[in-house]
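Following: one structure in C-alpha cells, then a few remarks.
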Amino acid sequence: QPSFEAYFTEILLCKNELNNTLNNLCHWMKDEHVDKNLVTQLDSAFIRKDPYGVVLIIAPWNYPIHLLLGPLIGAIAAGNCVIVKPSETTKNTERLVAETLTCYLDNDCFAVVTAGVQETTRLLENKFDYIFFTGSPSVGRIIMTAAAKHLTPVTLELGGKNPCYVSDTCDVQNVARRVAWGRFFNAGQTCIAPDYVLCSVEMQDKLMPALREAITEFFGSNPKESPDFGRIVGDKQFRRIRALLCSGRVAIGGQTDEKERYIAPTVLADVLPSDPAMQEEIFGPILPIVVVASMDEAIDFINARPRPLAIYAFSCDSKVVNQVLERTSSGGFCGNDTLMHVTLTSLPFGGIGNSGLGKYHGKFTFDTFTHHRGCLHRNMGLEALNALRYPPYSQQKLGLLTATFEIKRKGMCTLL
Amino acid sequence: HAELVTRLRAAWLSGKTRPMEYRVAQLEALGRFLDEKKQDILEATASDMGKPPFEVEISEISICRSELNHALNNLGTWMKDEHVEKNWAVQLDSAFIRKDPYGVVLIIAPWNYPIHLLLGPLIGAIAAGNCVVMKPSEISRNVERLVAETLPRYLDQDCFAVVTAGVEETTKLLENKFDYIFFTGSPSVGRIIMTAAAKHLTPVTLELGGKNPCYVSDTCDVQNVARRVAWGRFFNAGQTCVAPDYVLCSAEMQEKLLPALREAIAEFYGPNPQDSPDFARIVGDEQFQRVQALLRSGHAAIGGQTDAEARYVAPTVLVDVQQDDPVMQEEIFGPILPILTVASVDDAIAFINARERPLALYVFSSCKKVVNRVLERTSSGGFCANDTIMHMTLTTLPFGGIGTSG
C-alpha cells in the first residue's frame, strides 16, 4: 500500500471513527425515553443500551487495520468484551496487531487470536454473543451457519460486483478521474470499488482516452514505477486476477509482473457477460466496460445479478441518477463519484442479499453491538389503573379498554 | 413453492409495492379484514384454544388495529429519505438514507397469538414495500384455515400469499431464497430457520422464548403483585412468550404471596376456574401432556387439577420447587407458576445470570434501587418493573430477545 493510501484509509478514517465515538459516547449510552400511551403515562418507559457480551470480530486483509479497528471501536463503545481475529493473509499486519495491540488494551476483556482457516473453524464452535465478519460471501455463509447453532446475531460485510453506470450526459474527464481513482486505489482491492462500467458504445469511445489520461495523470507513463500504486496481496490472488484479463480486449494496461505481484491499471473494452471478468468480484486493478444500449438495459443488467455492495451512476441529469437509484437495490449508492459515500460516518454502511447483512460506521457501529432493551418501570400502587384488564371480563370493560388503549387513525374525522 | 416465490419476486421487481398509495391500500384492506372477520376470528380462536373473546379482542384484534393505525399515521414520515449530516468534503452534495424494501419476505407465525403474531410483522413488511409469503401455524387449525381462505382475498394476490404447511413442507419452503425471514417460535426451531437462511445469506428476525424470571422483593404491595403476576401468568392459559415463567423471592415473601395469589385467582376465575368463561385451554393434546408432566415438581399450593378431555390445566402455583425439577427445565407455556426461594436480591441475580437470557425479566419492588440493581446486572430481551407483559404494549419500545430468546 502506498503510504498516502494507508495513512488516509487505515489511520485517518480510524481516527475519525474514534473521535466521533468519543465525542458522542455519553449521549449514545443514555437511556432513551420514549412516548407513552394513556395507561403508562405515569410510568417510566425507556430503551436501555446493553452490551451483547463477548463479541468476535473477524477482519479481512485488504484494509487490515481499518476493517479491524472500525468494528472494534463500536464494540468497545457499546461495552462488550472482544476477541479480534486479524487476517492471516496480511502476515505483517497480523503480527503487529497480535504483538502490540493487546499491550494497549485491558487483557481481561480484549484479546487477539491469530488463526488460519482450520483454527478459525474451531474458534467458531464457541458461543459468541455477536459475530462481526468482513470477507467473501462464501465464507459469510459458513460464519452465519456456525452462528446459527448458538443463535448468535451477526453482521456480515461481504461483497459482489459493484456496477458503475455512465450515462451519455456527463463530464467525461471528471468521470474518468473519479472512476479510475475508485478502481485503482489499493490496486483495486476495495470492497466498494467500481467493479465494471456499463455505458453506450459511444460513451465507451469517449471514456477510453479520458481514462488513459487519468491513469497517466495519477501514475505516470509507467505505473509500475509509481510509488502511488499498490500491489496484489499474495501469489494466489495475483494468479486469480491475472486470469481475468482474458476478457474482451485490453484497451489500457494489461501488463503484469508475477514476481512483484504487479498488475497494471487496466481497462478492458467490449467485455461480454460471459467473460471471466464478469463471473466474480474482480478485487484487482482491472476495469471491464460492458456496452449497453440504454439506461433501462443497464438497470435490467444490474437487477439480473446478485445485489451489490455499492451502485454507482454518473450523469449530469439527476433524473437518470434517480431512476437508477429507484429501480435497483444495493448496499449503498453514490451518484457522480465512487467510494465517497462510505467516508460519511452519518451514513450506514453495509450490504444486502449476497453483499451482506447489517450495517455500521459512526453511531451505527455502536448500535450494531448494542442490545436495545425495552424497559417499563411502573408504579407499585395505582392499581385502579389496571382494573379494566382483569377478569371477570365484561363488554363494558372491553369498551373502555379499547377506547383508552387503541391507537386511532389520524385525520379520519370530518368536522361538520 | 418455488413457483410462488418466483412469481412474488417478479411482482416486487415490477415496482408495484413501492408507491405509498399502494401500501396504504393494502394496509387499509388488512383493517377491513380485522373488522369484517372479527366474529370468525373469535370463533376460530375459541375452537382452537378456548380463548375468551375478551382476550382475543385485546391481544389479537385491538392490538393489531393499533399497529395498523400507527403505521398508517406515520408511513409518510417513515418512508421519506432521511437527510444526514455532511462533512466539509461533501457539503455541497446530497447525503441521505433511502428506505428500500428487501423484496420477498417470509413470515412464519406461531399458534399462541395466531392473528397478532402474523399480522404484526405483516403490517411492517407491507409498510416497508415488500411482497410477503405468510405461513400461519398448522397447530391452531381453525385460524390457519380462516387466514388461508379469507386473508388473501383482501390483499393483492400478485404480491401477498398464504401458505399452509406442516414441518416437512416448511422445510421445503425454506429451501427457497427469501430476502428476509421473520420467525416467531421456539429456540430449537429458530436454529433451524437461521441455518436455512444462512445458505442464502438471508437476514432474519427470530422472536423466540425462554424462562422469564419474576423477582419479588420483600418491599412491595403483596396484593397488587399477586394480581399483576397472576394476570400475566394465566392470560391465555399461560401460553404467552412474555408471561412470568417462575417467581424468585424470599421464604417470608412466599408465605405472603400464596394467600394473595389464591385471592387473585378466585377474584379472576371464581372458586372453580374450569367453570369460568374467562380462562383459556391448552392448544392441543401434545402440548397438554407436556404441560401436565411439569406438575411433578414440588407440590401444588394452589390448583394442580387437570382435565385431559377439555385440555384444561387449572391456574396452579407450585412451591418447594428445586432447580432440577421438570418445571425448571423448559419454558412452561402453561398456567403453572413455580415459586423458588432465594436469600437475597443478589442470589436472585446470580440465579438469573446462570441461565439463558430470557425474553422478559420482571422485578417487583417499591424500592427503586432494587429495581435498578436487577436491571443493571442482568441481560434480557425486555424488562418490566412492577407489572408483567405491559412493556410489550408500547409501540415505542423495541420488542425482541437476546441470546436464545431471539
Rounded to one decimal in Å, the inverse mean reciprocal Cα-Cα distance for the range A:163-354, i.e. its Kirkwood radius, is 16.6
Partner shielding of B:376-385, as the mean number of partner chain Cβ atoms within 10 Å, equals 5
Equivalent-ellipsoid semi-axes (√(5λ), Cα gyration tensor) for the range B:1-208, whole Å, largest first?
-> 30, 21, 16
Ranked by Cβ crowding within 10 angstrom, fewest neighbours first, how are A:E32, A:E225 ordered?
-> A:E225, A:E32
Equivalent ellipsoid dimensions for the range A:100-173 as semi-axes, Å, which come from the Cα gyration tensor, largest first = 35, 19, 12
Evaluate peptide A:400-408: per residue, the Cβ atoms of other protein chains within 10 Å of its Cβ; return the mean as an integer.
-> 5
Between A:R95 and A:E383, what is the spin-label point distance in nm, taking each point 7 Å from the Cα along the Cα→C-beta axis?
-> 7.3
Label points 7 Å out from Cα along the Cβ direction at B:K199 and B:F351: separation in nm?
-> 4.3
Inter-probe distance in nm under a simple model that places probes 7 Å from Cα toward Cβ, at A:V201 and B:A29 | 4.6
Distance between Cα centroids, the range B:347-386 to the range A:223-238: provide it in whole Å.
-> 56
Once amide hydrogens are built 1.01 Å from N within the peptide plane, the residues lying 5 or more places from B:Y215 or on another chain with amide H under 5 Å from its amide H are B:L248, B:Y362, B:V363, B:F364
With the calculation restricted to Cα positions, what are the radius of gyration and Dmax of the range B:213-392 in angstrom?
-> 15.2, 48
If exposed means GluC sites (Glu not before Pro) lying in a DSSP loop and surrounded by at most 12 other beta carbons within 10 Å, then the longest stretch of chain B lacking such sites spans residues B:176-308
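Can you give the helix-only mean residue ellipticity at 222 nm for chain A, where every DSSP H stretch with n ≥ 4 adds -39500 (n - 2.57) and the sum goes over all residues, rounded to the nearest 500 deg cm²/dmol?
Helix contribution divided over all residues of chain A: -9500 deg cm²/dmol.
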Compute the Kirkwood hydrodynamic radius of the protein assembly as shown, taking the inverse of the mean of 1/r over all pairs of distinct Cα atoms, and give it in Å to one decimal.
-> 28.8
In the neighbourhood of A:H33 defined by beta carbon distances under 14 Å, the net charge of the other residues (Lys, Arg +1; Asp, Glu -1) is +1
Return the calculated 222 nm mean residue ellipticity for chain B, to the nearest 500 deg cm²/dmol, obtained by summing -39500 (n - 2.57) across DSSP H runs with n ≥ 4 and dividing by the residue count.
-> -13000 deg cm²/dmol
Run through the DSSP bridge list for the protein assembly as shown and note the antiparallel percent, rounded to the nearest 5.
-> 25
On alpha-carbon atoms, Rg over Rh for the range B:310-386 using Kirkwood Rh?
-> 0.99
Long-range Cα-Cα pairs in chain A (distance over 33 Å), rounded percent | 44
For the range A:283-340 and the range B:210-270, write down the distance between their C-alpha centroids in whole Å.
-> 59
Between A:S318 and B:K368, the FRET efficiency computed from the C-beta separation at R0 = 41 Å comes out, to the nearest 0.05, as 0.15
Under the Kirkwood approximation applied to all pairs of distinct alpha-carbon atoms, what is the hydrodynamic radius of chain B in Å?
-> 22.6
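Based on the Cβ-Cβ distance of A:F8 and A:Q173, what FRET efficiency does E = 1/(1 + (r/R0)^6) give at R0 = 25 Å, to the nearest 0.05?
0.60
Within 11 Å, Cβ to Cβ, of B:G298, how many net charges do the neighbouring residues add up to if Lys/Arg are +1 and Asp/Glu are -1? If you can, show how the numbers build up before the last one.
Numbers: positive: B:R296; negative: B:D320, B:D325.
Once positives and negatives cancel, what remains is -1.
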Can you give the angle from 0 to 90° between the axis of helix B:2-13 and the longest principal axis of chain B, with both taken from C-alpha atoms, to the nearest 10?
-> 60
Per residue of A:146-155, how many C-beta atoms from partner chains lie within 10 Å of its own C-beta, taken as a mean?
-> 5
Cα axis of helix B:251-269 to longest principal axis of chain B: angle in degrees, 0 to 90, nearest 10?
-> 60
What share of the DSSP beta bridges in the range B:213-392 is antiparallel, in percent to the nearest 5?
-> 25
Over 29 Å between Cα atoms, which of A:K259/A:K359; A:K161/B:K86; A:K161/B:K99 qualify?
-> A:K259/A:K359
What are the trypsin sites (Lys or Arg not before Pro) within the range A:206-267 that DSSP puts in a loop, where the Cβ has at most 14 other Cβ atoms within 10 Å?
-> A:K259
Over the range B:27-140, what number does the Rg to Rh ratio reach, with both radii from the alpha-carbon atoms and Rh per Kirkwood?
-> 1.15
Projected-area average for the range B:205-257 over all orientations - Cα convex hull basis, square nanometres = 4.2
Peptides ranked, highest mean first, by Cβ atoms within 10 Å: ranges B:228-234, A:390-396 = B:228-234, A:390-396
Within chain B, the percent of DSSP beta bridges that are antiparallel, given to the nearest 5, stands at 20
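Laboratory data are not the source of any read-out in this text; all were calculated from the coordinates shown. Since this is a predicted model, take the numbers as computed values, not measurements. Because the Cβ atoms are built from the backbone with ideal geometry, glycine has one as well, and the counts that use them run over all protein chains shown.
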